[in-house]
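See structure below.
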Amino acid sequence: MQAFAVESEGQIYASATRPSSPRRRRRTNTPTYTVRHGPRGERLVEHRPGSEKDFYVTRTDYDAAIKALAQTATPDVRFDQLHKAFLAAGGSPTKSAYPLRVVLRYLRNHQPPLVMRRGGGYSLTAKTKEFRQEAERLWDRGCE
């Protein structure tokens, strides 16, 4: 699609600038992740630029998410099935399911991604054993 600029005399010229795509805008708002030690244990913290509230995920919820992903490791597993496995693995039953959502974003933002989203489902990018090992290393690296 080409954008046009209108001169005062009514002539139309092709503009050199294009409106930014939603994909480009999302990249500038990429969340950052750290693992913090606190009085209630280690927690994965997701900070989103422009947001006043950080999201915290306990180690228990992180481990439950990793276990659920490993158990449901079929291509394009749907979120509801993944969420049921997360709860069965000991994950927190929050109304918004934000602990699972944060872990999914964390694993998708890692380079290279450990999880990918395609067609409304989630898939591992490695075999189950390697996925578990890398997810454990990822948590440990965040603690350093």
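Estimated at the nearest 10 Å², the accessible area of residue 76 is 50 Å² with a 1.4 Å probe. Pairs with C-alpha atoms separated by more than 19 Å, drawn from the list 67/129; 53/95; 95/127, are 95/127. With 5 Å bins beginning at zero, the pair-distance distribution over Cα atoms of region 52-93 amounts to 6, 25, 29, 19, 12, 6, 2, 0 %. Taking 0.36 nm per residue of separation and subtracting the Cα-Cα distance, full extension of the segment from residue 117 to residue 96 would add 5.7 nm.
The values are calculated or read from the model by the stated rules, or taken from the named source; none is laboratory data. Keep in mind the model is a prediction, meaning the values are calculated, not measured. Areas reflect the complete protein model, heavy atoms only, side chains present, ligands, DNA and RNA absent. Shrake-Rupley method; radii C 1.70, N 1.55, O 1.52, S 1.80 Å.
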